[in-house]
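Undergrad: Below you'll find the structure I mean.
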Amino acid sequence: MKPHFASILSLALLSASCTKPANSALPAASQPARKSDQRQVVDFGPGLRIDYRVPQVEVDGEIILREGALELFAYAKAPTPKEHESIVLLRTPPHLIFQALGLIGLTPGSPMKYLPDLKKIRPPTGDKVDVFVRYEKDGRSFETSACDWMYDVETKAPMARTPWLFTGSQRLEDGNFAADIEGTVVTVVDFDSSLLGLPDLHTDSDAELWLKANTDAIPPAGTKVTLILRAAAKP
């Protein structure tokens, strides 16, 4: 299992950790968009946009894996390498994605965490988020659920369509934002550092990984994609 990290993410501390000057105001994850922004597509960071018309967050990426077991759907380049277990590679710092999700009105919860004193697992929480990918093929634009690119080894079918939770990652003892260190943007197994995690618990034991890449559904490696994150549709 992965190491368990320190206290839950503090939005005030998150702002202080970003690369902008300490005295500059940074958006917190619970801060809604300004009215002047609500009908615009705004560049928010490297490879990162907010489309206030939907609203949704868009992150540039590329396909890096089409075969094999998965621990993530989307990994952001980070000190902890996970390219071998993620379909999509991003280069946008996860703390900026965190802030962008807040600006479209989503509220973070917390990732799954084992509580040793109580000998129990705290389940993940957070607003529900639908995850899509958009890509170009033969001059046409396609958008599909991230679930369609993953295959459930138990049911022998594509992953059932389900929303992720905006779990929001957390702050490490050294002050770093955990998802910036581990790159865990959209995960499919249990990480303490997940920015977006699934509501059901899934072990990260290699022998028990429940998803693999749905090779036939995934465009060629190197294909440029846009990861799309928006509030989950109401049932």
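The values are calculated or read from the model by the stated rules, or taken from the named source; none is laboratory data. Predicted, not measured: the structure shown is a model, and the values here were computed from it. Cβ coordinates were reconstructed from backbone atoms using ideal geometry, including for glycine residues, and neighbour counts include every protein chain displayed. Please note that ligands, DNA and RNA were not included when accessible areas were found on the heavy atoms of the full protein model with its side chains. Shrake-Rupley method; radii C 1.70, N 1.55, O 1.52, S 1.80 Å.
Rundown of residues vs (1) more than 19 Å from Cys147 (Cα to Cα); (2) surrounded by fewer than 18 Cβ atoms within 10 Å (Cβ to Cβ); (3) among the aromatic types (Phe, Trp, Tyr), yes/no style:
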position: Arg91; (1), (2), (3): yes, yes, no
position: Pro94; (1), (2), (3): yes, no, no
position: Ile97; (1), (2), (3): yes, no, no
position: Ala100; (1), (2), (3): yes, no, no
position: Leu103; (1), (2), (3): yes, no, no
position: Ser110; (1), (2), (3): yes, no, no
position: Arg122; (1), (2), (3): yes, yes, no
position: Glu136; (1), (2), (3): no, yes, no
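Undergrad: Can you pull out the strands (runs of 3 or more DSSP E) entirely within segment 43-140 that have at least 2 residues that are under 17 Å from Ile218 (Cβ atoms)?
TA: On the way: elements: 48-51, 56-63, 72-76, 86-90, 108-110, 113-115, 120-122, 128-137.
In segment 43-140, the matching strands (runs of 3 or more DSSP E) lie at 56-63, 72-76, 86-90, 128-137.
Undergrad: Residues of segment 111-141 being of a type in the set (A, V, I, L, M, F, W, C) and over 18 Å from Phe73 (Cα atoms), which ones?
TA: Answer for segment 111-141, where residues must be of a type in the set (A, V, I, L, M, F, W, C) and over 18 Å from Phe73 (Cα atoms): Leu115, Leu118, Ile121.
Undergrad: Let me ask another. Thr144: open to solvent by less than 40 Å² (accessible area, probe 1.4 Å), farther than 20 Å from Leu209 by Cα, assigned to a loop (DSSP other than H, G, I, E, B) and out of contact with any Phe, Trp or Tyr (no Cβ under 6 Å at 6 or more places or on another chain), yes or no? Working first, answer last.
TA: Numbers: open to solvent by less than 40 Å² (accessible area, probe 1.4 Å): yes; farther than 20 Å from Leu209 by Cα: yes; assigned to a loop (DSSP other than H, G, I, E, B): no; out of contact with any Phe, Trp or Tyr (no Cβ under 6 Å at 6 or more places or on another chain): yes.
Against the criterion (open to solvent by less than 40 Å² (accessible area, probe 1.4 Å), farther than 20 Å from Leu209 by Cα, assigned to a loop (DSSP other than H, G, I, E, B) and out of contact with any Phe, Trp or Tyr (no Cβ under 6 Å at 6 or more places or on another chain)), Thr144 does not qualify.
Undergrad: Right, something else. Do you know which residues across segment 172-195 are open to solvent by 10 Å² or more (accessible area, probe 1.4 Å) and either charged (D, E, K, R) or in contact with a helix residue (DSSP H, G or I) (Cβ under 8 Å, 6 or more places away or on another chain) (or both)?
TA: Of everything in segment 172-195, those that are open to solvent by 10 Å² or more (accessible area, probe 1.4 Å) and either charged (D, E, K, R) or in contact with a helix residue (DSSP H, G or I) (Cβ under 8 Å, 6 or more places away or on another chain) (or both) turn out to be Leu172, Glu173, Asp174, Gly175, Asn176, Asp180, Glu182, Asp190.
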